[in-house]
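Following: one structure in structure tokens, then a few remarks.
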Amino acid sequence: MLIVYHSQSGSAAKLAAAGFEGALEHDPKVRFLRAADAGTAEVLASTGLLLVCAENSGRLAGGMKDFLDRIFYPLIEQQCSLPYALLVSAGNDGRGAVAEAQRIFKGIPFTEALEPLIIRGVPDDGVLQNAREYGAGLATGLEMGIF
Ligand SMILES: Cc1cc2nc3c(=O)[nH]c(=O)nc-3n(C[C@H](O)[C@H](O)[C@H](O)COP(=O)(O)O)c2cc1C
């Protein structure tokens, strides 16, 4: 499993780190990369993808969009289809980022393993636990082969 995140203020990074903690309990080989450091090779080597980023101006944060733009055609050429899940850090909405990711993943195409999770506001302990469980849920499902 591969976790790819992009964060400006640290909020999305905290959620991603919590998702990583949860995933590690079920998949000791889970990789955790910043979007700027991840590319097609890392995705092809994975069994599933957890994306974590902010909604900025009603869209996916630019750093995550850059990652998806870089992998889009190479993954289509490789006929790579993987399960994915999306965790969005948002101020008061998040739905635009979700819609954009869903549109992009129809094209590659990847399958939505879990319903996207939007976390609004600065992450507190409660939502960090939700993010931990979200990462754990994806890792467990991948391990069991149910996605
Ligand atoms: C330039 C900019 C645009 C933003 N646009 C939105 C938005 O459209 N909808 C929303 O819910 N939050 C928006 N936010 C708030 C961020 O999504 C939120 O603060 C998030 O937690 C930031 O995560 P990060 O700093 O870790 O990337 C915006 C923040 C910035 C800096």
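The values are calculated or read from the model by the stated rules, or taken from the named source; none is laboratory data. Since we're looking at a predicted model, the values are computed, not measured. For neighbour counting, all protein chains shown are included, and Cβ atoms are generated from backbone atoms with ideal geometry for every residue, glycine included.
Annotations
- Residue ID - farthest from the chain's Cα centre (by Cα), chosen from residues in region 81-124 that are without any contact (Cβ under 8 Å) to a residue 12 or more places away in the chain and within 16 Å of the ligand (Cβ to nearest atom): D124
- Subset tally (residues that are within 13 Å of the ligand (Cβ to nearest atom) and touching a Gly at 6+ places or on another chain (Cβ under 7 Å)) for region 125-134: 1
- With respect to the stated conditions, L50 is under 23 Å from E21 (Cβ atoms) and more than 8 Å from the ligand (Cβ to nearest atom).
- Considering the conditions (1) farther than 22 Å from R95 by Cα; (2) out of contact with any helix residue (DSSP H, G or I) (no Cβ under 9 Å at 6 or more places or on another chain); (3) crowded, with 18+ Cβ neighbours inside 10 Å, V30 is excluded by exactly one of them, (2).
- Filtered residue count, region 60-80, keeping only those that are free of Cβ contacts under 8 Å to residues at least 60 places away in the same chain and in contact with a strand residue (DSSP E or B) (Cβ under 9 Å, 6 or more places away or on another chain): 6
- Looking only at residues in region 53-80 that are outside any helix (DSSP H, G or I) and more than 9 Å from the ligand (Cβ to nearest atom), the one that is surrounded by the fewest Cβ atoms within 10 Å (Cβ to Cβ) is Q79.
- Annotation note: of A18, A36, A13, A41, the sole residue that is of a type outside the set (K, R), surrounded by 21 or more Cβ atoms within 10 Å (Cβ to Cβ) and more than 16 Å from F105 (Cα to Cα) is A18.
- Only one entry of E133, E115 meets the criterion of being in a helix (DSSP H, G or I), at pLDDT 95 or above and surrounded by fewer than 20 Cβ atoms within 10 Å (Cβ to Cβ), and that entry is E133.
- Scanning region 5-27 for residues that are more than 13 Å from the ligand (Cβ to nearest atom), under 19 Å from D125 (Cα atoms) and outside any helix (DSSP H, G or I) yields a single hit, E25.
- If the condition is being out of contact with any Phe, Trp or Tyr (no Cβ under 7 Å at 6 or more places or on another chain) and assigned to a loop (DSSP other than H, G, I, E, B), then region 28-52 contributes P28, K29, G39, A45, S46, T47.
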